[in-house]
1. Report whether or not R233 is open to solvent by 10 Å² or more (accessible area, probe 1.4 Å), at pLDDT 85 or above and assigned to a helix (DSSP H, G or I).
2. Looking at region 479-511, which of its residues are open to solvent by 60 Å² or more (accessible area, probe 1.4 Å), touching a residue at least 12 places away in the same chain (Cβ under 8 Å) and among the hydrophobic types (A, V, I, L, M, F, W, C)?
3. If only one of R379, R405 is over 25 Å from R306 (Cβ atoms) and not in a helix (DSSP H, G or I), which one is it?
4. Please give the number of the condition A543 fails out of (1) in contact with a Leu (Cβ under 9 Å, 6 or more places away or on another chain); (2) among the aliphatic types (A, V, I, L, M); (3) not in a helix (DSSP H, G or I).
5. Mind checking which residues of region 453-478 are in a helix (DSSP H, G or I) and either touching a Ser or Thr at 6+ places or on another chain (Cβ under 9 Å) or open to solvent by 20 Å² or more (accessible area, probe 1.4 Å) (or both)?
6. Within region 291-326, count every residue that is part of a strand (DSSP E or B), β-branched (V, I, T) and open to solvent by 40 Å² or more (accessible area, probe 1.4 Å).
7. Please go through region 275-299 and pick out each residue that is at pLDDT 90 or above and touching a Gly at 6+ places or on another chain (Cβ under 7 Å).
8. Restricting to region 546-574, name every residue that is out of contact with any Asp or Glu (no Cβ under 7 Å at 6 or more places or on another chain) and among the small types (G, A, S).
Amino acid sequence: MTDPRTLPRPALDSAPDPTLDSGPAAHAAVAPLPAGGDLDRILLERALVSPDGLARARLVRDQTGDRLDAVLTRLGLVSEQALAEALAAACGLPLMRPGDWPQAAHGTDRAGPRFLRRVRALPLGQPGAVLELAVADPTDPYPARALSFAFGRPVALRVARLGDLDAAIDRLYGGEAGPAPADDASADDADLERLRDLSSDAPVVRAVNALIARAAEARASDIHIEPTEDRLRVRLRVDGALREIEGFPAGLRGPLVSRIKVMAGLDVAERRLPQDGRLRLAVRGHDIDFRVATAPTIHGESVVLRILDRSGLALELETLGFGPDLLPLYRGILDRPHGITLVTGPTGSGKTTTLYASLAVLNTPDRKILTVEDPVEYRLEGVNQIQVKQQIGLDFAATLRSFLRQDPDVIMVGEIRDLETAQVAVQAALTGHAILSTLHTNDAASAFTRLLDMGVEPFLIASTVNAALAQRLVRRLCPHCRQPAPAGWVPPLPPGLTQPAGARFWQPAGCPACHGEGFRGRLAVLELLPMDEAVARLVLARAEARDIRRAAQQAGMRAMLADGLAKAMAGETTLEEVLRVTQDA
């Protein structure tokens with residue numbers, strides 16, 4: 001089989017095509033190459049891929065002509081991060097970090113973007129007499145030799161992830177598509193046709209694919225693409241916090257957004273109204289669903305992609321944050337054959353994930369489970385899921401009524417939004433069905449008063465609701481680098497709360513495993529309020545939420561703040577995280 005590295009190389013666009021034997025001047029400009037060995041050997045020695053996997057990648061490489069490193073990551077046999085780290089370690093070279101990329105293209109008169117994309121290399125600058133060069137594969141000598149010849153000086157290599165390198169080249173050189181129309185809102189048919197053509201252009205496709213792959217590898221839940229006056233801003237939401245990454249030039253604003261809209265089946269011509277869509281892509285060897293939402297802004301269309309990665313979904317209650325004291329109580333409530341279990345909290349607090357994990361507990365061959373959701377975020381094996389379609393009258397209440405004729409055992413309602421849905425849910429519970437649903441309230445006690453405010457009769461609430469679970473999400477400390485708070489550190493406790501005796505809190509540090517953030521993943525802080533006789537009497541009397549809460553705590557309910565403090569002292573999160581999410585609870 002032929003290694004593509006031995007094939008004839010492309011010219012450097014604006015520079016002469018160098019050869020490895022171009023005379024003494026060329027040899028003087030070539031830097032010593034790192035001693036790391038070939039890519040195949042490094043992959044096998046470091047157990048990044050199996051011999052069978054490597055053989056498969058070689059076959060695809062020979063059939064497509066693509067580089068081996070690109071084939072490996074595209075097939076999902078190795079992640080870009082793991083490949084870059086292994087190559088950097090094997091060759092003794094530094095690894096490019098997010099803040100290391102230049103803000104402007106360097107040496108555009110000596111090497112053009114077409115050549116740089118082909119060889120996966122980018123000049124970073126010339127500190128002194130050495131050209132710094134970011135490469136994806138340092139074991140390939142050609143990019144270093146060619147660019148050393150073109151710039152007339154030795155090179156110092158740095159290893160970069162494939163996606164980061166492609167994104168940096170597209171950002172600095174603006175792709176090959178050219179500028180987008182100046183006024184998207186007034187584009188005529190010719191402009192729209194041009195946008196469609198640009199959205200399918202190779203640099204735009206690569207830019208979108210690299211962005212999605214990077215977000216998935218960073219465990220991001222959302223990608224925010226926001227147009228500004230002079231560029232396209234990109235931010236990722238990782239563990240609940242937004243993090244800005246390298247954006248794109250203004251010239252890619254129209255083509256890149258159009259590419260995403262084409263992928264999601266949206267109307268490219270409609271740029272005055274918000275649109276919603278879905279798409280599914282194979283990223284790193286497995287399928288990932290995306291929810292796409294666009295919105296018009298003064299500088300163009302803003303796009304948010306919600307990443308619905310089923311492979312990263314934790315469907316175990318223990319993983320979500322249910323401790324040994326709370327888990328048996330909650331599972332006992334789930335096992336009840338009828339009644340309503342409510343999960344409450346603001347948007348983004350993980351309510352749907354908790355419901356999915358609860359369904360995973362109940363999903364046995366002897367139970368029929370139906371769900372009505374808006375939207376269906378994850379597809380669950382063995383569960384019948386229905387998507388709400390308001391435009392044809394398929395809302396929560398109508399679907400829930402139809403469910404009762406399907407002989408279900410368990411019904412999940414994505415959200416109880418109005419009195420009609422609440423009444424149908426109550427009737428379903430009274431007729432022997434187990435109902436799981438969500439409400440938007442700040443704490444568990446407020447779930448009962450919220451139903452009262454909707455107009456549900458108190459005696460129906462007292463006889464059908466089994467429990468209310470309130471939750472918030474906090475960032476989980478990285479277990480590899482967390483460290484205890486230093487001696488003498490005073491915890492920022494709110495007024496009226498004293499530090500428990502012997503309490504020990506933890507703080508983030510940052511390491512390669514968490515990409516220097518100090519946090520990796522999230523977990524829930526919880527409070528579970530079961531319906532007992534005291535709570536039922538208060539509901540019948542239409543008592544306020546604070547009275548219900550006080551009675552529940554007297555009966556043994558652990559408040560959300562107390563659960564968060566316990567998790568902070570156990571080193572699962574920080575005290576600051578707990579206080580941040582529980583101040584309104």
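The values are calculated or read from the model by the stated rules, or taken from the named source; none is laboratory data. Predicted, not measured: the structure shown is a model, and the values here were computed from it. With ideal geometry, Cβ positions are generated from the backbone for all residues, glycine too; neighbour counts draw on all protein chains shown. SASA here: full protein model, heavy atoms, side chains in, ligands and nucleic acids out. Shrake-Rupley method; radii C 1.70, N 1.55, O 1.52, S 1.80 Å.
1. For R233, the condition - open to solvent by 10 Å² or more (accessible area, probe 1.4 Å), at pLDDT 85 or above and assigned to a helix (DSSP H, G or I) - is not met.
2. If the condition is that a residue be open to solvent by 60 Å² or more (accessible area, probe 1.4 Å), touching a residue at least 12 places away in the same chain (Cβ under 8 Å) and among the hydrophobic types (A, V, I, L, M, F, W, C), then W489 is the only one that fits.
3. The match here is R405.
4. Tallying (1) in contact with a Leu (Cβ under 9 Å, 6 or more places away or on another chain); (2) among the aliphatic types (A, V, I, L, M); (3) not in a helix (DSSP H, G or I), A543 fails exactly one: (1).
5. Those that are in a helix (DSSP H, G or I) and either touching a Ser or Thr at 6+ places or on another chain (Cβ under 9 Å) or open to solvent by 20 Å² or more (accessible area, probe 1.4 Å) (or both): D453, M454, F459, L460, A462, S463.
6. 2
7. The one that is at pLDDT 90 or above and touching a Gly at 6+ places or on another chain (Cβ under 7 Å): V292.
8. A551, A552, G556, A562, G564, A566, A568, A570, G571
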